[in-house]
Amino acid sequence: MSQAITFSEYGTPEVLRLSEVTPPEPGPGQVRIRVRAASVNPFDLKIRSGLMADAVPVRFPVVPGLDASGVVDAVGEGADAAVGDEVLGATVGGGYGEYALLERPVARPAALSWEVAASLVTVGATAFRVLGLLDPRAGDTLLVHGAGGSVGTVAVQLALARGVTVVGTAGEHDLERLTALGAVAVGYGEGWARRVRTAAPQGVDRVLDAAGAGVLADSVALTGDRAHVLTIADLSAARHGVRFSAGSTDDGTFLPQVVQVASEGGLTLPVWRTYPLDGAATAHADLEARRNRGKAVLLP
Ligand SMILES: NC(=O)c1ccc[n+]([C@@H]2O[C@H](COP(=O)([O-])OP(=O)(O)OC[C@H]3O[C@@H](n4cnc5c(N)ncnc54)[C@H](OP(=O)(O)O)[C@@H]3O)[C@@H](O)[C@H]2O)c1
């Protein structure tokens with residue numbers, strides 16, 4: 001037996017329990033890892049609370065967690081890794097545990113800590129995917145909502161590397177860090193569109209909404225074209241005629257590319273705090289209260 005965090009009903013962070021579970025067996029193409037780090041994503045909170053109950057039905061008990069890094073200890077038929085390999089990747093059946101299954105594991109570069117490796121999985125692949133969809137070109141201006149967040153932070157850096165001018169909306173506490181990355185930082189909240197117009201008199205060509213804070217209508221007005229606005233977080237996208245890009249459209253090709261960029265020193269992704277496995281409820285409460293300033297990571 002091994003330990004994992006499970007929940008058997010929707011609710012507040014307190015539904016997360018440290019439980020004894022049977023370590024999962026890897027299926028074809030999968031590996032089992034001894035988890036070194038498992039990152040906490042806003043998605044995990046949405047699943048646990050029941051907010052996504054219709055969109056993403058679950059079978060209780062659930063082990064939360066989309067991302068993990070660790071050492072391979074069992075290999076399924078045809079899997080592209082060997083026992084002892086240090087890897088990261090998207091989990092199958094949850095990541096908040098001593099053991100997790102990964103599909104399409106990616107080798108962990110020595111330059112990436114276990115914490116950053118686990119943190120990059122969903123965040124990095126998402127940023128890479130949505131930039132490909134929006135496809136801003138060198139010289140274009142991209143507005144990123146939620147640029148102080150994890151997906152936003154990676155998207156900003158990938159866009160800057162393409163020669164794109166990036167304007168990012170963020171909280172007061174993130175403006176300096178955003179400016180240091182090379183973006184034009186603008187405070188979020190009431191009046192943001194006016195501030196963006198002032199900061200980008202040349203106009204805005206593309207918008208990535210990585211915050212989901214009701215910014216779509218003004219974003220469409222800014223670009224003048226719904227097709228140039230994309231959200232990963234606002235479920236009212238269809239009402240605005242805006243594309244919603246879901247994680248389920250990730251075919252696994254983005255993570256190796258973003259890991260490559262990160263291993264070459266081309267990305268920073270702040271890890272705010274680490275927690276022991278039984279600190280999962282605290283981690284969820286911290287994210288829910290928006291106390292985090294970067295990734296929250298469990299170290300089982
Ligand atoms: N569809 C997909 O494939 C996909 C994949 C990954 C993530 N997501 C979703 O995308 C969102 C971001 O994920 P994440 O991991 O980057 O979360 P995160 O690290 O918590 O970042 C969210 C950021 O949005 C900021 N924010 C809050 N209100 C804002 C506003 N009005 N304007 C601009 N920024 C605002 C937050 O600032 P504070 O510091 O003030 O809280 C925070 O920095 C989440 O909703 C997540 O579920 C979707």
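Along its first, second and third principal axes, ordered by size, the stretch 2-114 spans 38, 29, 26 Å in Cα coordinates.
Neighbours of Ala107, meaning other residues whose beta-carbon lies under 10 angstrom from its beta-carbon, give a summed charge of -2 when Lys and Arg score +1 and Asp and Glu score -1.
In the stretch 115-166, Rg over Rh equals 0.97, where Rg is the alpha-carbon radius of gyration and Rh the Kirkwood radius from pairwise Cα distances. Amide hydrogen proximity for Val92: with H placed 1.01 Å from N in the peptide plane, the residues at 5 or more positions away or on another chain lying under 5 Å are Leu101, Leu102, Glu103. Listed by Cβ neighbour count within 10 Å, with the fewest neighbours leading, Glu115, Glu20 appear as Glu20, Glu115.
If the chain linking Thr282 and Ala110 were pulled fully straight, counting 0.36 nm for each residue of separation and taking away their Cα-Cα distance, it would gain 59.0 nm.
Each stretch of four or more DSSP H residues adds -39500 (n - 2.57); spread over every residue of the chain, this sum gives -8500 deg cm²/dmol at 222 nm.
Think of each Lys and Arg Cβ as +1 and each Asp and Glu Cβ as -1; about the Cα centre, that makes the dipole of the stretch 218-300 roughly 220 debye.
Helix 150-161 against the longest principal axis of the chain: what's the angle in degrees, Cα atoms only, rounded to the nearest 10? Taking the Cα atoms of the chain, the angle to 150-161 is about 60 degrees.
Couplings 3J(HN,Hα) of the stretch 282-293, computed from phi: 5, 4, 4, 5, 4, 5, 4, 7, 6, 7, 6, 10 Hz, in residue order, whole Hz [Karplus 6.51 cos²θ - 1.76 cosθ + 1.60, θ = phi - 60°; x for Gly and Pro].
Each of Asp174, Asp251, Asp218 has some number of other Cβ atoms within 10 Å of its Cβ, and from fewest to most they run Asp251, Asp218, Asp174. Ordering His228, His284, His173 from the fewest to the most neighbouring beta carbons within 10 Å gives His173, His228, His284.
Modelled this way, with points 7 Å down the Cα-to-C-beta line, the labels at Arg34 and Ala180 are 3.6 nm from one another. As a ratio to 2.2 N^0.38 Å, the alpha-carbon radius of gyration computed for the stretch 124-248 takes the value 0.92. Rg/Rh for the chain stands at 0.97; both radii use Cα atoms, and Rh follows the Kirkwood definition.
At q = 0.21, 0.25, 0.27 Å⁻¹, what base-10 log of I(q)/I(0) does the Debye formula yield for the stretch 57-130 when every alpha carbon is treated as an equal point scatterer in vacuo? Listed by q, the Debye log ratios stand at -0.93, -1.19, -1.30.
Our estimate of slack between His173 and Ser2, defined as 0.36 nm per intervening residue step minus the Cα-Cα distance, is 57.6 nm. Taking 7 Å steps out from each Cα toward its Cβ at Arg137 and Ala53 produces label points 4.9 nm apart.
Computed from the coordinates by the stated procedures, all read-outs in this text should not be read as laboratory data. Since this is a predicted model, take the numbers as computed values, not measurements. Neighbour counts run over all protein chains shown; Cβ positions are idealised from the backbone, glycine included.
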